[in-house]
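Novice: Before I ask anything, let me first share the structure, which is written out below as structure tokens.
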Amino acid sequence: MPDNYKELLSALDALIDVTEPVQTGLSNASALIWQNLSSLNWAGFYLVRGGELALGPFQGKPACTMIGKGKGVCGTAWQEDQTIRVEDVHAFPGHIACDAASRSEIVIPLHDSNGRVMGVLDLDSFLPARFLPEDQEGLEAAAKLLEHKLFNFQDAAFSQNSDAPVGIVDSGLGGLSVLKEMIRLMPGEDFLYRGDSLHAPYGTKTPEDVQRYTFANVSYLMERGIKALVVACNTATSVCISRLREQYSDMPVIGVEPALKPAVLHSEGGRVLVMATPMTLQEHKFAELMDRYGREATIVKVPSQGLMEYVERGILEGQELDGFLADLLNPYLPADSIVLGCTHYPFLADAIRKAAGGSVQIYDGSEGTARELRRKLEENRILRESAHQGKVEILNSKDSAELAALAERLLYGC
Ligand code: SME
């Protein structure tokens with residue numbers, strides 16, 4: 001392989017981090033290709049979005065944004081799932097001319113861990129026949145490296161076997177409230193739950209940390225072989241659900257979100273408190289929910305820093321908790337309803353109701369999440385026969401017998 005490709009490969013390897021978003025890695029990749037190769041007038045990516053290729057990170061002149069399957073050089077490389085080297089673009093039927101200066105072109109498909117085309121790497125040159133077989137070899141090696149780093153996170157593949165368990169991740173023990181509902185609704189399923197109590201709480205970390213911890217947690221479950229993933233943590237869902245869906249594009253990935261809709265419907269113009277971690281309330285996903293439901297009721301954010309820790313410590317009632325909740329909620333009361341926007345809080349529902357004055361209606365998203373999981377499993381034909389008695393395995397990043405006992409107590413109420 002020519003030296004400039006060896007240099008390109010080692011620069012890509014050094015610069016691109018497996019945990020960063022695909023767009024981030026591809027942005028630097030297009031810049032490195034642009035810097036390392038001569039006589040280019042365009043270098044970049046198109047990514048499969050729906051049934052088309054959408055323009056991704058690139059260097060060069062503005063280019064056409066969407067390309068259909070089988071259209072142009074890019075759409076043909078996608079359809080045929082092979083590298084296409086074009087010595088003279090004018091001789092290629094259907095070539096899409098984004099930059100009139102282009103004379104030759106090479107397009108290489110990029111795949112995910114299931115071998116599906118996720119996008120293409122496209123290079124254009126103002127020289128005719130610029131791309132030789134050794135360029136093809138070097139660029140295909142670069143594409144392999146990008147596939148490995150950005151589309152095959154730790155080489156994990158999901159299981160399409162309906163007997164495989166459903167994986168659940170959470171920052172700690174809170175997701176067990178969602179698991180409870182899922183067991184009730186799908187008693188035939190096996191569930192593999194992994195809490196990350198070692199890094200809890202997520203709500204006060206940076207979004208980058210939450211993304212890193214969540215991906216590590218998910219990849220642990222992927223190695224065990226799961227058929228679907230539930231992110232049973234509002235904070236992790238708001239920060240990285242899109243990235244997870246992008247990464248594991250064929251697997252059902254279900255997130256949780258604060259149950260604003262039923263609360264707003266019930267409260268009819270009343271006052272709805274939303275208790276959640278500060279990060280959940282700050283993230284874009286929550287702003288979208290506010291936009292959707294904010295006109296139908298008065299929605300009040302209650303950043304509840306410090307509350308999930310009570311569940312992690314196994315304190316679900318008592319004076320200390322009552323005092324904490326009174327201090328937290330009093331400034332926001334009265335309320336018609338309270339939305340529990342963190343999966344830990346349903347374990348504190350009685351104490352929260354007491355602190356809010358008894359008659360308040362409490363909503364959490366577990367039932368909706370369980371229903372969504374069932375719908376997705378049915379849609380993908382991987383729902384397990386209910387005659388099978390489902391098993392549950394609870395794992396945690398923090399190895400502690402006390403914590404394991406607390407998880408049992410929270411899940412089975414003993
Ligand atoms: N020429 C490509 C379109 C993309 S531009 O080269 C950036 C094609 O025919 O698919």
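The values are calculated or read from the model by the stated rules, or taken from the named source; none is laboratory data. The shown structure was predicted, so the numbers you read here are calculated from the model rather than taken from an experiment. Glycine also receives a Cβ, built like all others from the backbone with ideal geometry; neighbour counts cover every protein chain displayed.
Novice: Working only within segment 367-403, note down all residues that are within 20 Å of residue 218 (Cβ to Cβ) and among the small types (Gly, Ala, Ser).
Specialist: Of everything in segment 367-403, those that are within 20 Å of residue 218 (Cβ to Cβ) and among the small types (Gly, Ala, Ser) turn out to be 370, 397.
Novice: Considering 288, 268, 296, 257, which residue is farther than 30 Å from residue 404 by Cα and under 24 Å from the mean Cα position of the chain (by Cα)?
Specialist: Answer to the selection: 288.
Novice: Can you name every residue in segment 35-49 that is over 9 Å from residue 8 (Cβ atoms), modelled with pLDDT of 95 or more and more than 13 Å from the ligand (Cβ to nearest atom)? Walk me through how you get there before you give the answer.
Specialist: Let us first name the residues in segment 35-49 that are over 9 Å from residue 8 (Cβ atoms), namely 38-49.
Within this subset, residues satisfying the condition of being modelled with pLDDT of 95 or more are 38-46.
Across segment 35-49, the qualifying residues are 38, 39.
Novice: Tell me the residue from 134, 147, 105 that is among the acidic types (Asp, Glu), under 30 Å from residue 3 (Cα atoms) and within 16 Å of the ligand (Cβ to nearest atom), please. Quick ask: steps written out before the conclusion?
Specialist: Numbers: 134 fails: within 16 Å of the ligand (Cβ to nearest atom); 147 fails: within 16 Å of the ligand (Cβ to nearest atom).
When all the criteria are applied, what remains is 105.
Novice: So, residue 85, is that one among the basic types (Lys, Arg), out of contact with any Gly (no Cβ under 7 Å at 6 or more places or on another chain), more than 9 Å from the ligand (Cβ to nearest atom) and modelled with pLDDT of 95 or more or not?
Specialist: Against the criterion (among the basic types (Lys, Arg), out of contact with any Gly (no Cβ under 7 Å at 6 or more places or on another chain), more than 9 Å from the ligand (Cβ to nearest atom) and modelled with pLDDT of 95 or more), residue 85 qualifies.
Novice: Across segment 6-17, which residue is surrounded by the fewest Cβ atoms within 10 Å (Cβ to Cβ) among those that are within 11 Å of residue 145 (Cβ to Cβ) and touching a residue at least 24 places away in the same chain (Cβ under 8 Å)?
Specialist: In this case the residue turns out to be 13.
Novice: Any residue in segment 38-60 that is in the same structural domain as residue 134 (by TED's automatic domain parsing) and in a strand (DSSP E or B) sitting within a Cβ distance under 8 Å of a residue that is more than 13 Å from the ligand (Cβ to nearest atom) and of a type in the set (S, T, N, Q)? List the pairs, counting only those 6 or more apart or interchain.
Specialist: Hits for this filter: 56/23; 57/23; 57/27.
Novice: Quick one: how many residues across segment 63-81 are under 29 Å from the mean Cα position of the chain (by Cα) and of a type in the set (S, T, N, Q)?
Specialist: 2
Novice: In addition: If I go through segment 50-62 residue by residue, how many of them are more than 26 Å from residue 134 (Cβ to Cβ) and either of a type in the set (Gly, Ala, Ser) or more than 10 Å from the ligand (Cβ to nearest atom) (or both)?
Specialist: Counting residues in segment 50-62 that are more than 26 Å from residue 134 (Cβ to Cβ) and either of a type in the set (Gly, Ala, Ser) or more than 10 Å from the ligand (Cβ to nearest atom) (or both) gives 4.
Novice: Also, I was wondering about something else. Could you check segment 266-304 and list, in sequence order, the residues that are charged (D, E, K, R) and without any contact (Cβ under 8 Å) to a residue 40 or more places away in the chain?
Specialist: 268, 288, 291, 292, 295, 296, 301
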